[in-house]
Structures are given as C-alpha cells and as structure tokens.
Amino acid sequence: MKILITGGAGFIGSNFIYFERANHPQDKLVCVDKLTYAGDLETLEPVLSDKNFRFVRADIADRAAMEALFAEERPDAVVNFAAESHVDRSIETPAVFMETNAMGTQVLLDACRKFGVGRFHQVSTDEVYGDLPLDRPDLFFTEKTPLHASSPYSASKAAADLLCGAYARTYGLPVTISRCSNNYGPYQFPEKLIPLMIANALADKPLPVYGEGLNVRDWLYVEDHCAAIDLILRKGEAGTVYNVGGHNERRNIDIVRIILAELGKPESLIRHVADRKGHDRRYAIDPAFIHEKLGWLPATKFEDGIRKTIRWYLDNRTWWENILSGEYKGCYDRLFGQR
Ligand code: NAD
Ligand code: DAU
C-alpha cells in the first residue's frame with residue numbers, strides 16, 4: 001500500500017510514520033508537509049534516506065501542488081494530520097486555521113475524488129464536540145455528540161469534519177474520521193502543556209498554569225493514537241467516525257505537579273496566569289465504539305507514558321532546545337539543500 005501522510009513532520013504525524021515503518025515496513029510512505037513553525041524535518045531524519053519513504057515540502061491548501069503530487073504518486077490512501085493545531089495561536093490568528101484546517105482538507109478531498117483514492121482518513125479531535133461541565137463526571141463524548149466547537153481551532157476542525165461527511169454522502173468518497181483526546185509523547189512541540197512544563201521546569205522558569213488549573217483533559221500516549229489510526233485505516237469502515245481515548249482524565253494542575261515531582265523541582269515554580277479565552281472545561285472521550293468494532297484499547301498506562309515522555313525530553317534536549325532557539329528553521333536547507 002502507498003500512503004500519503006500530510007503533516008508528517010509534526011508531533012503525531014512523525015510518530016505515525018515511525019509506527020508504520022515498524023509495523024508495515026513494506027508500505028511506501030509519502031510525507032507532505034509545509035514545514036511551518038511546528039514542522040521539523042530533523043524529526044524525520046532517520047527515515048529520509050529510506051527507499052520506501054519520500055518527503056515533499058508543500059502546502060495542502062495549494063491545489064496545483066496537491067494535484068501534481070497525487071498525479072505523480074497515485075496513493076492508495078491519505079491520512080491527513082496537517083493542521084494548525086494550537087488553540088492559543090488560533091485565538092490570536094484565526095484565519096490561517098481556516099485556510100489549512102478547512103480549505104486544505106477540501107483540497108485533499110477533491111484530489112482524492114479526482115484520483116480515485118481508496119481511503120481518506122481525517123485526523124480530527126475531541127475538541128469538535130465543545131466541552132463538558134466539571135461537575136458531571138458521568139458525561140462523555142460519543143460519536144453521536146453534536147459538534148459544538150469553542151475556539152477558532154476547533155471550529156476549523158469541525159468544518160473539516162463536516163466537509164468529510166459531505167464528500168462521503170454526496171460523492172461516495174471512502175472517508176473515515178478519528179476524533180482523539182489530548183496526546184502526549186516524544187516530538188511534541190514545546191508550546192503544548194506537557195512539553196512546555198518539562199522545558200520550563202528544567203530551566204527553573206515559571207510554569208504558567210491558566211486560571212486555577214482545574215480544567216480537565218483526557219490524556220493518551222501518542223503511540224496508542226497511532227495504533228488506532230492504523231487500525232481504522234486498514235480495518236475501519238468507510239463513512240464512519242471513531243472516537244479515540246483512554247479514560248485518563250487529569251486536571252491541568254495535577255499534570256504540572258506530576259512533572260515537577262518527576263523532575264525533582266519545587267511547586268513554587270507554578271505561576272497561575274490569566275485564563276485562556278473561552279477555555280474548554282473538560283474533555284472526556286467514550287471509546288466504547290472503537291473497542292467494540294475494532295478491538296482497540298490503549299496499551300500505555302499514564303504513569304508509564306509520562307515517565308517515558310519526560311525521559312525522552314531529557315535524552316533529546318538538542319531537539320527541543322534547537323526549536324526554542326529557532327535553530328531548527330535552518331534544518332530544511334541543511335538536509336535538503338543539496339538534493
Ligand atoms: P503539530 O502542530 O505538531 O503538527 C502539524 C504539522 O502539520 C506540522 O508538521 C506542520 O508543518 C504541518 N502543516 C501545517 N500546516 C500545513 C499546511 N498548510 N500544509 C502542509 N503541512 C502543514 O500537530 P499535531 O499535534 O501533531 O496534530 C496533528 C493532527 O492531529 C492535527 O490535525 C490535530 O488537529 C490532530 N489532533 C491533535 C491532538 C493533540 O493532542 N496534539 C489530539 C487530537 C487530534
Ligand atoms: O483534545 C485534543 C486537542 O488537544 C488537540 O486537538 C489540540 O491540537 C491540542 O493542542 C490539544 O489542545 P489543548 O488546548 O487541550 O492543549 P494544550 O496543551 O494547549 O493545553 C492543555 C491544557 O493546559 C488546557 O486546558 C490549557 C492548559 N495550559 C496550556 C498551556 C500551553 C496551561 O494551563 N498553560 C499553558 O501554558
């Protein structure tokens with residue numbers, strides 16, 4: 001099988017490439033990524049010279065570039081990770097979120113129609129469902145929960161999901177969608193909660209907790225998300241939405257305390273700062289459907305996953321220190337300048 005993977009130089013996309021390499025080494029992978037501030041080619045360096053791997057720098061919203069790529073590669077399947085993914089940035093600069101997340105997805109859907117691609121998988125998020133109250137732990141997002149996005153980011157992801165559904169129904173395009181909860185693990189950009197807190201704690205810098213830190217997120221180790229996507233791609237039913245999550249709800253303040261304790265740093269580093277605008281209170285996925293239909297269950301317990309993640313950031317300081325210093329921006333020229 002030849003799989004076109006968009007956004008593969010980012011956090012989850014790169015983990016997915018490594019998952020596919022390990023589990024389906026015979027498959028050909030083509031990664032297309034615009035290399036925005038969030039994309040780092042250094043992350044993919046170990047596979048760049050692999051004969052079953054090709055990297056292409058392009059924008060998924062560039063119709064001509066996508067049509068040329070699809071015409072040349074004729075992929076069997078497309079997995080769309082490419083997105084602007086940070087809620088705080090979407091509050092500051094919403095337009096690019098619609099351009100990439102919604103319009104970019106439409107360009108890919110059109111290309112899939114034109115070239116008869118056998119499966120389009122959209123990597124979506126639990127944030128399309130909005131949020132849940134903190135005092136109703138009995139409530140969960142199911143695949144039937146109505147879309148009710150809060151931020152420009154989640155609205156743009158919901159727009160993409162609606163387009164996917166429309167292309168499936170109107171044109172019979174074989175589309176699947178996964179809506180996953182918060183991921184953590186190696187290669188996550190140090191603007192998101194867990195890597196940001198690790199990086200700041202290691203530098204003895206304040207850890208900015210929004211509001212009281214009582215908002216709840218449902219954390220899943222990234223490899224478990226990759227395994228779910230792989231299963232949906234190979235065994236899932238076209239036209240179906242799958243929620244992905246591991247019933248691992250934590251308050252932000254508790255996550256921060258765990259990181260400080262693991263690193264042997266004092267809680268006096270915690271700084272309560274102004275809350276995020278429109279801050280979603282609680283996310284909680286009901287994963288019963290994917291378990292029942294595809295047998296998926298998360299393999300990594302949070303206690304193990306967070307330790308592995310902290311260990312990874314300790315062992316790979318150059319990766320994230322280069323990002324923080326802006327050094328990684330020269331990586332594309334370094335790795336591809338001569339090709
Ligand atoms: P990320 O920000 O780490 O990576 C995004 C990647 O997409 C980067 O490599 C970036 O260069 C690339 N990209 C951005 N705009 C592009 C464009 N116009 N054309 C081509 N490439 C472009 O994001 P992530 O956390 O890895 O998230 C990947 C996907 O998973 C996103 O669609 C996100 O909505 C979804 N998701 C993320 C989480 C999470 O917790 N991180 C949870 C559920 C779903
Ligand atoms: O639920 C899935 C979503 O999870 C994905 O769709 C998004 O792409 C991904 O970024 C993530 O969104 P969140 O907004 O939940 O993640 P973030 O790491 O930005 O924040 C997690 C929580 O921590 C949230 O309640 C805000 C809080 N926070 C975050 C940062 C960056 C802080 O308190 N301080 C911070 O500095």
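The values are calculated or read from the model by the stated rules, or taken from the named source; none is laboratory data. In this text, all values refer to a predicted model and were calculated from it rather than measured experimentally. Don't worry about glycine lacking a Cβ; one is built from the backbone with ideal geometry, like all the others, and counts go over all protein chains shown. Keep in mind that these areas ignore ligands, DNA and RNA; they rest on the heavy atoms of the full protein, side chains included. Shrake-Rupley method; radii C 1.70, N 1.55, O 1.52, S 1.80 Å.
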Hits in the stretch 113-153 - residues which are within 13 Å of ligand 1 (Cβ to nearest atom) and either in a loop (DSSP other than H, G, I, E, B) or closer than 19 Å to Tyr242 by Cβ (or both) = His121, Gln122, Val123, Ser124, Thr125, Asp126, Glu127, Val128, Tyr129, Phe141, Ala149, Ser151
note = Subset of the stretch 21-49, residues in contact with a Gly (Cβ under 6 Å, 6 or more places away or on another chain) and basic (Lys, Arg), comes to none
inquiry  = If I filter the stretch 219-257 down to residues being within 13 Å of ligand 2 (Cβ to nearest atom) and aliphatic (A, V, I, L, M), which single residue comes out as farthest from Leu196 (Cα to Cα)?
reply    = Val244
task = Sort out which residues of the stretch 192-212 are near ligand 2 (Cβ under 6 Å from one of its atoms) and open to solvent by less than 30 Å² (accessible area, probe 1.4 Å), and write them in order of number.
result = Val209
query = Quick one: Tyr153 ticks every box in (1) more than 12 Å from ligand 2 (Cβ to nearest atom); (2) crowded, with 22+ Cβ neighbours inside 10 Å bar one, so which box is it?
reply = (1)
message = Would you confirm, using the coordinates I've provided, whether Leu44 is open to solvent by less than 40 Å² (accessible area, probe 1.4 Å), without any contact (Cβ under 8 Å) to a residue 60 or more places away in the chain and in contact with a Phe, Trp or Tyr (Cβ under 8 Å, 6 or more places away or on another chain)?
response = yes
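Within the stretch 102-122, does at least one residue satisfy the condition of being under 30 Å from Thr318 (Cα atoms) and modelled with pLDDT of 95 or more?
Of the stretch 102-122, the ones under 30 Å from Thr318 (Cα atoms) are none.
Scanning the stretch 102-122, I find no residue that is under 30 Å from Thr318 (Cα atoms) and modelled with pLDDT of 95 or more, so the answer is no.
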First in the stretch 1-30 and closer than 18 Å to His86 by Cβ, second anywhere and at pLDDT below 95 and open to solvent by 10 Å² or more (accessible area, probe 1.4 Å), Cβ under 6 Å, 6 or more apart = none
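Any idea which residue in the stretch 70-90 is farthest from Met1 (Cα to Cα), counting only those that are hydrophobic (A, V, I, L, M, F, W, C) and open to solvent by 10 Å² or more (accessible area, probe 1.4 Å)?
Val87
Hey, can you tell me all the residues within the stretch 18-54 that are within 11 Å of ligand 1 (Cβ to nearest atom) and hydrophobic (A, V, I, L, M, F, W, C)?
Within the stretch 18-54, Cys31, Val32, Leu35, Ala38, Leu41, Leu44 qualify.
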note = When every residue in the stretch 251-281 that is under 24 Å from Asp304 (Cα atoms) and open to solvent by 60 Å² or more (accessible area, probe 1.4 Å) is compared, the one nearest to ligand 1 (Cβ to nearest atom) is Arg251
key: Matching entry among Glu67, Glu99 (being open to solvent by 20 Å² or more (accessible area, probe 1.4 Å) and near ligand 1 (Cβ under 10 Å from one of its atoms))   = Glu99
